[in-house]
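Novice: Below you will find the structure I want to go over with you.
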Amino acid sequence: MPRLSDLSLTWYAALPNDRALVGALQQSLMIATITAVLATGMSLLAALAYFELRAQRTAWFLTVILPMFVPGVIQGLALSAVFTRSGIKASSLTVIAGHLLWAMPFAFIVILTSFAAVRRSYLTAAADLGATRWRQFVDITLPLIRPGLISAFIFSFLLSLNEFTRAFYLAGRQNTLPVVLFGKMNSGASPVIYAMSGTIFLVSVACVALASMHFMLRLKLSPAGRALR
């Protein structure tokens, strides 16, 4: 039975020496960052389009969230076949495309929910004062939905960072971290793998905790937060 004295940080210290894991981590961080930026921006545009539509709202909503219900294996194989027939070689860009298709529906729902803070009366009052649609968006809508945008970015980043199935079919020579970890597990588990997994878990929890603390602090300092107290 393991004892408390058996605990060690040796394998955590050995992480920088594993070039395959470090390279895969760098690749995953780059892909996750680009995916999160694109997913957040495109989901914001999709949410704005949703509110501009009338009769077609339901159809537009279902179209945007449809990839959420497609199994990862089917989605990865389909995209791989399309890229291959189009002459597009597997690379980071193909992985980003697959991850974007997966992350965007979740980011869209998060941003769409954040629009509940935007009341029509705010925009009407701004329009009466001469504000253009752009000024209404920049000065009123954007500040109110900023927490939703940040949440959508974090959500998309974590979804991309941990995505394995789609990356398995779409990655090029430089695989993402989940693919490399899967390969190393099949070839013989090493304690370094668990050290990397533990590090990513702790960093992810820390990022979410810091974001939550930031939102709570902003809520307490806001007029609405002071009114609730």
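The values are calculated or read from the model by the stated rules, or taken from the named source; none is laboratory data. All values reported here derive from a predicted model rather than from experimental measurement. Neighbour counts run over all protein chains shown; Cβ positions are idealised from the backbone, glycine included.
Novice: Read through the list (1) of a type in the set (A, V, I, L, M); (2) in a helix (DSSP H, G or I); (3) surrounded by 14 or more Cβ atoms within 10 Å (Cβ to Cβ), then give the number of the only condition that Ala90 fails.
Specialist: Condition (2) is where Ala90 drops out.
Novice: Condition check: part of a helix (DSSP H, G or I), surrounded by 13 or more Cβ atoms within 10 Å (Cβ to Cβ), modelled with pLDDT under 90 and touching a Phe, Trp or Tyr at 6+ places or on another chain (Cβ under 8 Å). Does Phe61 satisfy that?
Specialist: Details: part of a helix (DSSP H, G or I): yes; surrounded by 13 or more Cβ atoms within 10 Å (Cβ to Cβ): yes; modelled with pLDDT under 90: no; touching a Phe, Trp or Tyr at 6+ places or on another chain (Cβ under 8 Å): yes.
Criteria not met by Phe61.
Novice: Please name all residue pairs, on different chains or six or more residues apart, with Cβ atoms under 7 Å, provided the first residue is in segment 45-60 and is over 13 Å from Thr141 (Cβ atoms) and the second residue is part of a loop (DSSP other than H, G, I, E, B) and of a type outside the set (Ser, Thr, Tyr).
Specialist: Close Cβ pairs satisfying both conditions: Trp60/Leu53.
Novice: Okay, next question. Which condition number does Arg218 fail, the rest of (1) surrounded by 19 or more Cβ atoms within 10 Å (Cβ to Cβ); (2) among the charged types (D, E, K, R); (3) modelled with pLDDT under 75 being met?
Specialist: With respect to (1) surrounded by 19 or more Cβ atoms within 10 Å (Cβ to Cβ); (2) among the charged types (D, E, K, R); (3) modelled with pLDDT under 75, Arg218 is out only on (1).
Novice: Turning to a different aspect of this structure: Answer with yes or no whether Ala211 is more than 30 Å from Val118 (Cβ to Cβ) and aliphatic (A, V, I, L, M).
Specialist: Values: more than 30 Å from Val118 (Cβ to Cβ): no; aliphatic (A, V, I, L, M): yes.
No: the conditions fail for Ala211.
Novice: If you don't mind, there's one more thing I want to ask. Can you tell me which residues in segment 47-58 are under 27 Å from Arg146 (Cβ atoms) and in a helix (DSSP H, G or I)?
Specialist: Ala47, Leu48, Ala49, Tyr50, Phe51, Glu52, Arg57, listed by residue number.
Novice: Can you give me the number of residues within segment 72-86 that are touching a residue at least 12 places away in the same chain (Cβ under 8 Å) and not in a helix (DSSP H, G or I)? Full working, then the answer.
Specialist: If we filter segment 72-86 for residues that are touching a residue at least 12 places away in the same chain (Cβ under 8 Å), which is where we start, we get 72-73, 75-77, 79-80, 83.
Of the ones still in play, those that are also not in a helix (DSSP H, G or I) are none.
Total meeting the criteria: 0.
Novice: Which members of segment 5-19 meet the condition of being surrounded by 14 or more Cβ atoms within 10 Å (Cβ to Cβ) and either basic (Lys, Arg) or part of a helix (DSSP H, G or I) (or both)?
Specialist: Within segment 5-19, Trp11, Tyr12, Leu15 meet the criteria.
Novice: Do we have Ser151 as surrounded by 14 or more Cβ atoms within 10 Å (Cβ to Cβ), more than 17 Å from Glu52 (Cβ to Cβ), more than 19 Å from the chain's Cα centre (by Cα) and touching a residue at least 40 places away in the same chain (Cβ under 8 Å) here? Steps first, answer last, please.
Specialist: On the way: surrounded by 14 or more Cβ atoms within 10 Å (Cβ to Cβ): yes; more than 17 Å from Glu52 (Cβ to Cβ): yes; more than 19 Å from the chain's Cα centre (by Cα): no; touching a residue at least 40 places away in the same chain (Cβ under 8 Å): yes.
Here the answer is no, as Ser151 does not meet what is asked.
Novice: Which one of these is closer than 26 Å to Asn175 by Cβ, aliphatic (A, V, I, L, M) and under 16 Å from the mean Cα position of the chain (by Cα): Leu77, Leu21, Leu38, Leu44?
Specialist: Working: Leu77 fails: under 16 Å from the mean Cα position of the chain (by Cα); Leu21 fails: under 16 Å from the mean Cα position of the chain (by Cα); Leu44 fails: closer than 26 Å to Asn175 by Cβ.
Exactly one residue qualifies, and that residue is Leu38.
Novice: From Ala117, Ala125, grab the single residue that is modelled with pLDDT under 85 and either over 30 Å from Arg19 (Cα atoms) or over 23 Å from the mean Cα position of the chain (by Cα) (or both).
Specialist: On the way: Ala125 fails: modelled with pLDDT under 85.
Just one listed residue meets the conditions, Ala117.
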